[in-house]
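These notes are about the structure you will find just below.
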């Protein structure tokens with residue numbers, strides 16, 4: 001099975017930044033490395049040199065990766081990773097979270113700028129700093145975080161020899177634009193650090209005395225990026241807002257299994273611009289060809305994942321009803337046998353905390369999930385099964401309701417995987433494994449919070465269900481306070 005490829009594909013893990021008035025020098029400090037990246041601060045030319053060419057007068061500091069370069073009003077800036085935190089390991093490959101960055105100007109002075117230009121440049125720098133302050137930027141110098149296990153397993157030997165930058169899935173490389181100049185020069189690819197945005201949780205677990213690794217990885221697409229309300233629906237290329245690929249991975253005695261799901265905004269042209277109302281009314285555009293973008297979206301999804309099972313969780317009344325009706329109508333009009341659709345009014349079915357009614361949806365999806373299966377490769381690297389389709393879930397924000405359903409589908413897949421691997425005995429249920437259940441629920445709740453903060457700016461509202469099966473009194477109060485609602489009003493007012 002393919003992993004990250006040979007060492008030649010790896011990025012440099014240990015770097016030193018040497019700063020002089022004329023150049024930035026980035027020194028590779030890995031064992032046996034002699035490469036130094038020289039960046040001219042005047043011409044912006046990037047070349048390779050060697051360590052002996054670094055002036056001894058340079059100011060030196062350690063860095064942990066190059067995010068890339070960006071041109072602002074004042075000129076070009078170099079963005080580097082200055083702090084990192086180890087998240088864990090995937091198949092012996094270290095995975096890191098970037099926790100701090102520095103934005104370095106090529107220009108030594110700002111005297112060439114007018115007062116207005118200075119102010120504009122300051123605003124742009126503040127915007128970049130704000131984006132970088134959002135939690136959830138991950139990287140590895142030896143492992144390709146942007147691909148699922150199944151995609152990696154079905155690659156060619158030539159793919160294995162590519163650099164991490166060259167082979168990364170562009171949907172999930174959040175600094176792809178910043179690295180465009182690096183991408184044009186293959187000889188410097190090892191200095192580039194592809195960074196994904198989302199969530200990663202890793203746990204060493206034990207059931208029946210059998211130890212296995214369990215991982216949850218959510219990859220946010222950088223296409224049609226933006227925040228809740230301001231960015232909804234799709235663009236002309238078919239990219240959906242808040243599109244996230246979530247992969248659950250199990251590693252046991254050399255065997256690896258994964259189950260992949262996606263979430264994304266309802267894929268046609270609609271908006272919900274904020275106003276003084278608590279919940280702005282969504283508007284479906286009347287002046288565009290919805291089917292063109294809709295078709296593009298699902299064509300790309302089918303290429304990436306195979307069959308599509310759409311799970312639409314929006315309300316089937318009020319302002320959300322037209323979105324559900326239009327979605328269903330467009331799926332029918334597209335008439336693609338690879339795409340199926342089911343609508344489940346989460347709030348109606350689960351009103352008054354009737355969470356047991358989620359089993360109605362799970363029963364409706366069970367046959368389809370069995371057909372889709374999951375990816376499994378044995379300890380010899382032989383592919384045993386492949387996932388043949390995917391569940392594409394959505395609500396309004398693709399956050400709370402979506403995360404609950406995804407966690408249930410993932411648990412059902414995990415049940416089958418652990419039984420097949422021999423971790424669970426015949427007839428044993430994951431729900432009965434108290435220690436693992438706590439890990440599982442907390443990880444999925446943390447995933448919900450991460451996705452919510454990245455898209456909406458606030459934590460998820462239904463994590464108490466994920467963590468504890470039903471909302472606690474504390475969670476009920478917190479939910480209402482979060483929404484500014486009196487306790488007497490209905491609980492289910494999220495998006």
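Each reported figure results from applying straightforward, stated rules to the coordinates on display, with no laboratory input. If you're wondering where the values come from, they're calculated on a predicted model, not measured in any experiment. Glycine gets a Cβ as well: all are built from the backbone with ideal geometry, and neighbour counts include every protein chain shown.
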**Message:** Calculate the FRET efficiency for residue 355 and residue 203 from the Cβ-Cβ distance with a Förster distance of 25 Å, rounded to the nearest 0.05.
**Reply:** 0.55
**Request:** Could you tell me what percent of the DSSP beta bridges with both partners in the chain are antiparallel, to the nearest 5?
**Result:** 85 percent
**Cα gyration tensor, the range 221-335 - rounded (a/c under 1.5), prolate or oblate** = prolate
**Asked** What is the order of 396, 353, 330, fewest Cβ neighbours within 10 Å to most?
**Response** 353, 330, 396
**Asked** Does anyone have the angle between helix 115-133 and the longest principal axis of the chain? Alpha-carbon axes, 0 to 90°, nearest 10?
**Response** 50 degrees
**Dimensionless Rg ratio for the range 278-410, taking C-alpha atoms and the 2.2 N^0.38 Å reference** = 1.18
**Request:** Over the alpha-carbon set of the range 116-225, work out the extent along each principal axis and list the three values in angstrom, largest first.
**Result:** 66, 34, 24
**Asked** Using 7 Å Cα-to-Cβ label points, what is the residue 108/residue 237 separation (nm, one decimal)?
**Response** 4.0 nm
**Request:** Using only Cα atoms, locate the centre of the range 189-262 and the centre of the range 363-439, then give the distance between them in Å, rounded to an integer.
**Result:** 15 Å
**Message:** Taking the beta-carbon count within 10 Å as an exposure proxy, list 19, 116 from fewest neighbours to most.
**Reply:** 116, 19
**Efficiency of FRET between residue 283 and residue 343 - r from beta-carbon atoms, R0 22 angstrom, step 0.05** = 0.60
**Message:** Rounded, prolate or oblate, given the Cα gyration tensor of the range 320-361, with a/c below 1.5 counting as rounded?
**Reply:** oblate
**Request:** Place the peptides 96-103, 236-243 in order of packing, highest mean first, counting for every residue the other Cβ atoms within 10 Å and averaging per peptide.
**Result:** 236-243, 96-103
**Asked** With each label point set 7 Å from Cα along the Cα-Cβ vector, what nm distance links residue 61 and residue 161?
**Response** 3.9 nm
**Item:** residue 115-residue 325 pseudo-label distance in nm [points 7 Å out on the Cα-to-Cβ vector]
**Value:** 5.7 nm
**Residue-averaged 222 nm ellipticity for the chain, from DSSP H runs of 4+ at -39500 (n - 2.57), nearest 500** = -9000 deg cm²/dmol
**Item:** Reference-scaled alpha-carbon Rg (2.2 N^0.38 Å with N residues) for the chain
**Value:** 1.03
**Fill in**
Hull volume per residue for the range 117-176, using the convex hull of the C-alpha atoms, in Å³ is 109 Å³
**Complete:** Here the relative contact order (percent) of the chain, from C-alpha pairs under 8 Å and at least 6 apart, is 11 percent
**Message:** With angles folded into 0 to 90 degrees, how steeply does helix 358-372 sit against the dominant principal axis of the chain? Use alpha carbons for both and round to 10.
**Reply:** 60 degrees
**Prompt:** In whole percent, what relative contact order does the range 7-191 give with Cα contacts below 8 Å and a gap of six or more residues?
**Reply:** 22 percent
**Request:** Note the direction-averaged projected area, equal to a quarter of the hull surface, for the Cα convex hull of the range 238-291, in nm².
**Result:** 6.1 nm²
**FRET efficiency estimate (nearest 0.05) - Cβ-Cβ, residue 91 to residue 382, R0 22 angstrom** = 0.85
**Full-extension gain in nm, residue 432 to residue 135, via 0.36 nm per residue minus C-alpha separation** = 103.6 nm
**Request:** For helix 321-334, report the angle its Cα long axis makes with the longest principal axis of the Cα atoms of the chain; keep it between 0 and 90° and round to the nearest 10°.
**Result:** 80 degrees
**Message:** Restricting the calculation to Cα positions, tell me the Rg (one decimal) and the Dmax (whole number) of the range 7-191 in Å.
**Reply:** 17.2, 55
**Asked** Fewest first, what order do 190, 352 take by the number of other Cβ atoms within 10 Å?
**Response** 352, 190
**Item:** P(r), alpha carbons of the range 196-483 - 5 Å bins starting at zero, rounded %
**Value:** 1, 5, 12, 17, 19, 18, 13, 8, 5, 2, 1, 0, 0
